[in-house]
Each structure stands twice: as structure tokens, then as C-alpha cells.
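What follows is calculated from the coordinates using simple rules that are stated; it is not laboratory data. No experiment lies behind these values; they were computed from the predicted model shown. Cβ sites come from the backbone with ideal geometry, for glycine too, and all protein chains shown count toward neighbours.
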Number of protein chains: 2
Amino acid sequence: MTEPVPSAANSGTLHLIPVGLSERPINDWLPTAAQQKASALPSYIAENAKTARAFLKQLQLTQPLQEINIHTLTDKADDAMIRQWLTPLLRGEDMGLVSEAGCPAVADPGARVVALAHRLNIRVKPWVGPSSILLGLMASGLEGQRFAFHGYAPVKPDARKQQLKQWEQISLRQKQSQLLIETPYRNVAMFQSLIETLALQTRLCVARDLTGEHEWVSTRSIADWRRLPAPDLASWPTLFLFQA
Amino acid sequence: MTEPVPSAANSGTLHLIPVGLSERPINDWLPTAAQQKASALPSYIAENAKTARAFLKQLQLTQPLQEINIHTLTDKADDAMIRQWLTPLLRGEDMGLVSEAGCPAVADPGARVVALAHRLNIRVKPWVGPSSILLGLMASGLEGQRFAFHGYAPVKPDARKQQLKQWEQISLRQKQSQLLIETPYRNVAMFQSLIETLALQTRLCVARDLTGEHEWVSTRSIADWRRLPAPDLASWPTLFLFQA
């Protein structure tokens, strides 16, 4: 089949490899084929080199860990530098991209690398793996036909309240689930903001430590949440989802 | 750890099991632990019983396929009927929920079942598996920190054009990627609508047959797409993503 935008002749493939969200064994969350591919890549671009090495240690590597070249994608890495990292791909070598947790290029800075790969006509291959956004949406029972992921809500109370109200109105008007995350030490405050700000009949899902030992997912109306003791969220990554 | 909303005493778990998006071998897209869990469940709720059986045939089942009870989640299934299906869970048995393709309760009717499970205090466990929404977003290189999945755009040309323009404005204002799907036989028309309607500098990603033999992902500006021959999209599921 001819394609209007063929990959660069003889170029390698940039493999987008998801890493774990928790300490659970790798066979819980990464398909065998993705493990095999990841174990054979000679170089990686990683959000965090330390967590990338911890991920690689879970694989049956085809080469010693210290021989795998890992580039760290900091804020300081400009396009010229990333382009330099990608040169082995243009010679025909494969390369991996990993996030600090979950899927690369989703809710992390990796999209810059993928965007540049497209500009260089390098083939990009996404592999199946864990995403708290998707796992939380599946488990929430909220509208899964239309949803928006917003990242973080504003921290300042007034701006936060206003933003949550606005997302709630969009949810009602468009029948759209609203998804957001928070840094763990602010989870309890976020939960309080949500139950104080949203309408009584709005359904709120709390999805804690997805794939981990303390995984817990519960969906209740705001009215119900207000009657219950607050859940224990301070120590684990948590996704909040709601639908008006 | 005590939870504010404990699961019903001795209840089983509703396992949300993703199924394949393509004909590729199951080890490409489903972690071993999910395969093991799915292979041992005595009953399922499925969007489509035929595709559910095709999925189960890919597993090393612990019981004969014909002994697995499969309830079909049609539009006619009301809450009373679904509640009836869920009764084994209240006796302590586990059960599975599967979609026709990809992750249950995302872009399919399964969320109704999960919502009812939450109302009955039944534990819900999401398993990692393929989602064209997530794979497409990863591979697009578009903004992954904020995105909205809209399902289908309107079919009528004027309404479609207006809707695409509106999503493009939201994308620009909120730095949010916009995701939509189309039925395969309308993919070519959708591609044409997108390149005729969106601004020249907007980036459009076409993600075709994700995880399949004809997987192909390309991100270009509208200006570039207009100069290129149209891609071959008529026969495969395709996700369209754009960012202004």
C-alpha cells in the first residue's frame, strides 16, 4: 500500500513504551510483546533516567543495562538537542521513549519528542500499557463516550472553585465526563473542594493507586460523599472524575 | 485500611477486560495477568456475544467455552435486567465485562453496568489493554496534558463544519487536543471535512488501524495535508486528532 507520507527511507522506529504506575509485577500491566521490544532497544529518551533504569531492570535485557544509552528529557532539552538524540533513528536504529509513570506523551512532556519524530518522517509505534486516565475512566461508570482530561485544576481556592463550576456546566451541557489529577499531598484538599463546590446530584469518582496494592475506585453522588468520612488519599496518586 | 465506602461483604469483583482492536496475537496487547484472570471467569456481560466468544477462544480457558455464561448488553437491557445479571457477584463470584473492541465502558455502552456495580457496592477492577484513544494520543505528538474525546462529529455538512470550528477554537484557547472517531466508510469524507474546515497551521493526526497490520500514524499541518494525496482510510478504524 502506498502512503501519502511514507516514513523516511530505512529509518528506525520510535517505540512508545509505557512503564508501571505501581510496584506490581510487570506481567500485570505490560503485554509480553511490549516487554520483548523494550528489552532489545539500544537507546531511550526518558522523562527520568532513574525510573527508566528501574523499569529496564524488570525486563530480560538483551544487553547490559549500563550499555543502554538514556537521554533525559528535561525542560532544558531544546529541539536541536532532541533532534540530535533522534539521529540513530535516521540511520535505521530503533529507539524507545518512556515516561516517569504510565504512557509516554500523555500527561507528560514526551509529546515534544513524538512531534519532532513526525516532522522527521520517523515511524512512531505506540505500545499498550497502563494509563491512570483510561483505567480510571473505565472503572468510574461515568460517561465514556465523551470525556475531557484537564491535568491539574488551579490551586488558589477561588480560581479552583470557578474552574470546577465551569467544567461541571460543560459536563451537564455536553454529557461529558471531566477528569483531573492532583499531586498526592493536595489530594485531600482537592477532594474537599470537589464535594463543597459541585452540585449534590453530580457523580464523583475517586480512583486511587490504580494497578497498585491500594487500588480503590468508588463513584458516589456529591450528596453521598458529603455524608461519608473522607477517603484516605494522601499517599497515593489519585484521579478524580465527575459527571453532572 | 478502612474505607468510607467498603465493598459489599463477600462480594465478587467485576473485572473490566479489554479485548483486541485487531487480529494481532493476544500477547501483543493484553498483559499475561489479565489473560489469566479473564480465562477463569465463569460469566461475562458483553456488548456482542460473538466477538466475546472470539476473544475467549484466544485464552487458555479453565473451563469449556460453552459453559461460560455470556449476557449480551443490548439497548433493550434495562437496569433491572443488568441487576439480575450481577447477582452472582453478590454471592461472591467474579464476573467479566467486555466491549466489542478495546476497553469496556470507554466509547461503548458498558459504563451503565459499571455504574450499577458501584450502586451495589461491588468492587470494580480495570485491567490494562488496548484503547485506540490512548494509543492514538500517545502516537500523535499533540498536546497530551489536556485533551477531549468527542466520539462522533455531526454527519450533516453544515453542522459538522460548525462543530469542528468550535472544537478548534476550544483547542486554541485551552491548548487542548481534540479527538474524534468515525465509522470506517465515512473516514474519507471526515478527512476531507477536516482539511477543508480547519486552519492551515492546525496540526491533524490520522491514526489508522492501531495495533493492526495496517497501523499508520501521521501528524501534519492542514497546509501539508492539503498538498498530499489523501491517505487510504476507507477500510480501517481510524482516530482523528487535532490541535490548533
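Across peptide B:120-132, the mean count of Cβ atoms from other chains lying within 10 Å of each residue's own Cβ comes to 6.
For region B:158-183 and region B:80-144, what is the centre-to-centre distance using only Cα atoms, to the nearest Å? That distance is 27 Å. Work out the FRET efficiency for residue B:227 and residue A:83 from their Cβ-Cβ distance, taking R0 = 25 Å, and round it to the nearest 0.05. Efficiency computed from Cβ-Cβ geometry: 0.60. Note on chain A: with charges restricted to the Cβ of Lys and Arg (+1) and Asp and Glu (-1), its dipole about the Cα centre is near 520 debye.
Residue by residue along B:28-41, Cβ atoms of other protein chains within 10 Å of the local Cβ number 4 on average.
About its Cα centre, the dipole of the protein assembly as shown is roughly 940 debye, where the only charges are +1 on Lys and Arg Cβ and -1 on Asp and Glu Cβ. Scoring B:10-21, A:23-34 by mean Cβ neighbours within 10 Å over their residues and listing the highest first yields B:10-21, A:23-34.
For B:152, A:185, A:44, which order do you get if you count the other beta carbons within 10 Å of each Cβ and list the fewest first?
Least to most surrounded, the residues fall as A:185, B:152, A:44.
Its relative contact order, with pairs defined as Cα atoms under 8 Å and 6+ residues apart, puts region B:111-244 at 29 percent. Counting only other chain Cβ atoms within 10 Å of each residue's Cβ, the peptide A:100-112 averages 4.
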